[in-house]
Amino acid sequence: MKQSNNWYLELLFGMRDMLPMSVAAATYGLAFGLLATQSGFNIFQTISMSALVFGGSSQLVAMEQLSIGLGAASAILAGSALNMRILLVTATPQAIGLDFAIIAIFVATLPGMWRGTKDVLPWLLASGIVLIWGALFPEYASWGLIGGAVIGAICAGLNNEH
């Protein structure tokens with residue numbers, strides 16, 4: 001790599017190259033700040049969350065857990081569970097013994113999505129698809145989750161219209 005004597009020019013090139021990411025990060029930061037304020041977080045809590053939690057979706061999940069009074073342990077657990085997807089994306093799940101982890105994470109998120117008895121039919125339909133797909137095609141169990149989620153969401157949408 002060629003060394004440049006013009007550090008100022010390289011600084012400008014670096015700033016130019018980082019501009020798209022900076023705009024995205026600033027937009028997220030504004031959205032998070034607004035949500036944190038609406039959730040009753042003070043400036044210290046908001047800045048601390050941004051400084052200590054490096055995953056945007058984890059910040060939102062943790063903030064939700066804290067704002068409804070579930071405490072720090074729940075916020076950490078929810079953020080960690082959410083970020084398990086990164087482990088699954090970057091590793092071959094079966095090779096490290098996590099081939100069932102996708103299903104476990106999905107099941108762990110279900111209680112927060114329950115809205116009452118109107119969800120029974122979509123949940124049963126989605127669960128049935130997941131179970132049947134998993135039994136017929138165990139090596140492709142995650143596709144059963146996707147199919148079950150889509151069919152369950154369609155059923156829930158149709159159920160809400162009536």
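Of all residues in segment 115-139, which are loosely packed, with under 14 Cβ neighbours inside 10 Å and under 22 Å from the mean Cα position of the chain (by Cα)?
ARG115
With the requirement that a residue be at pLDDT 80 or above and part of a helix (DSSP H, G or I), what does segment 83-125 give you?
THR117, LYS118, ASP119, VAL120, LEU121, PRO122, TRP123, LEU124, LEU125, listed by residue number.
Among the residues that make up segment 146-156, is at least one of them within 22 Å of the chain's Cα centre (by Cα), part of a helix (DSSP H, G or I), over 17 Å from LEU110 (Cβ atoms) and among the hydrophobic types (A, V, I, L, M, F, W, C)?
yes
With respect to ALA78, is the statement that it is modelled with pLDDT under 85 and either outside any loop (DSSP other than H, G, I, E, B) or charged (D, E, K, R) (or both) true?
For ALA78, the condition - modelled with pLDDT under 85 and either outside any loop (DSSP other than H, G, I, E, B) or charged (D, E, K, R) (or both) - is met.
Determine whether segment 53-60 contains at least one residue that is at pLDDT below 85 and within 27 Å of TYR140 (Cα to Cα).
yes
The values are calculated or read from the model by the stated rules, or taken from the named source; none is laboratory data. Being a predicted model, the structure only gives us computed values, none of them experimental. Every residue, glycine among them, receives a Cβ derived from its backbone with ideal geometry; neighbour counts consider all protein chains shown.
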